[in-house]
Amino acid sequence: MKSIYRFKNLSNYRDCIHLVTKKDISQDFGFSLALHTNENPIAILKNRETIQQYFPNMKFVVANQTHSNNISIIRDTKNRGWDSLDSAIDNCDALITNQKGVMLTILTADCVPILLFDPKQKVVSAIHAGWRGTADKIVYKTIQKMQQEFNSNPKDIIAGIAPSIGRCCYEVDWGVAKHFTDYIGAFDKVGDKYMLDLPLVNKKQLLDIGLLDDNIELSNICTSCEVDNYFSYRKEQGCSGRFMSMIGMS
């Protein structure tokens, strides 16, 4: 498997397993891991098997992401949506579990993947935050759910904001930008367009609910700028490939 991305802060915890995959043009479909984009499922499953070889004792959970603010708590230890779309968690964009041996996954090609780990209560979460999910405060609501269900203290939570499209490349119109006027510095106006910084907005939401600034790590990688390493739906004008961000506990 080609080099992967890992966060320094999450890597400090031996019982936390995480990684973000990269594009690899030597593999089928650039090492895409998405079954929902109508690529050859046999090839995609082969790519997923490559991942599974590194974590033979883990079960993988995949959601049917719909740009919602729906959150699902995984309470059992089995594959969901890994071998086929039929068993994926339906209509969901954030996953939480306190189960060891479960890898929560997010598929993206510009949207913001966010990985969370509570080392005190032993809880992990994987979140998909496009502009709609970010406007609906999905990361904020996910941490609220961690508080309600597992007694997590936001001050204990470690967060990694994975590669996603940056404000350098994410041009939107006012219909999108207007949802983020409450966040200072969320966008720059360029002519009649706006350059939106979704990773920054998600970091602000993490801070708003009580995470410590030192516990939040941004990759500062723009998928559009680094399209050789990550799929970018905008840069590639509607690519079908997706890379995967994942987190679990051993």
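Could you count how many residues in region 145-169 are more than 17 Å from the chain's Cα centre (by Cα) and among the hydroxyl-bearing types (Ser, Thr, Tyr)? Looking only at that region, the number is 1.
Of the residues His67, His36, the single one that is in contact with a Gly (Cβ under 7 Å, 6 or more places away or on another chain) and either modelled with pLDDT under 95 or under 23 Å from Cys111 (Cβ atoms) (or both) is His67. Under the condition of being of a type in the set (Ser, Thr, Tyr), within 13 Å of Ala135 (Cα to Cα) and assigned to a strand (DSSP E or B), the residues counted in region 178-210 number 0.
From the list Leu10, Leu19, which residue is in contact with a Leu (Cβ under 7 Å, 6 or more places away or on another chain) and either of a type in the set (A, V, I, L, M) or part of a helix (DSSP H, G or I) (or both)? From the options Leu10, Leu19, the qualifying one is Leu10.
Residues that are under 15 Å from the mean Cα position of the chain (by Cα), among the hydroxyl-bearing types (Ser, Thr, Tyr), part of a helix (DSSP H, G or I) and within 18 Å of Asn220 (Cβ to Cβ) occur in region 122-144; there is at least one. Of Gln99, Gln52, all but one fail to be within 22 Å of Asp28 (Cβ to Cβ) and polar (S, T, N, Q); the exception is Gln52. For region 46-53, check the following and say yes or no: at least one residue is free of Cβ contacts under 8 Å to residues at least 40 places away in the same chain and in contact with a His (Cβ under 9 Å, 6 or more places away or on another chain). Scanning region 46-53, I find no residue that is free of Cβ contacts under 8 Å to residues at least 40 places away in the same chain and in contact with a His (Cβ under 9 Å, 6 or more places away or on another chain), so the answer is no.
Test Asn153 against the criterion of being closer than 26 Å to Ser250 by Cβ, touching a helix residue (DSSP H, G or I) at 6+ places or on another chain (Cβ under 7 Å) and either of a type outside the set (A, V, I, L, M, F, W, C) or free of Cβ contacts under 8 Å to residues at least 60 places away in the same chain (or both), and give yes or no. In short, no.
Residue-wise test of (1) assigned to a helix (DSSP H, G or I); (2) surrounded by fewer than 16 Cβ atoms within 10 Å (Cβ to Cβ); (3) in contact with a Pro (Cβ under 9 Å, 6 or more places away or on another chain).
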site	(1), (2), (3)
Asn38	no, yes, no
Ile44	yes, no, no
Thr66	no, yes, no
Lys78	no, yes, no
Asp86	yes, yes, no
Met103	no, no, no
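The values are calculated or read from the model by the stated rules, or taken from the named source; none is laboratory data. Quick caveat, the model's predicted, so the values are computed rather than measured. Methodologically, a virtual Cβ is constructed for each residue, glycine included, from the backbone with ideal geometry; neighbour enumeration extends over all protein chains shown.
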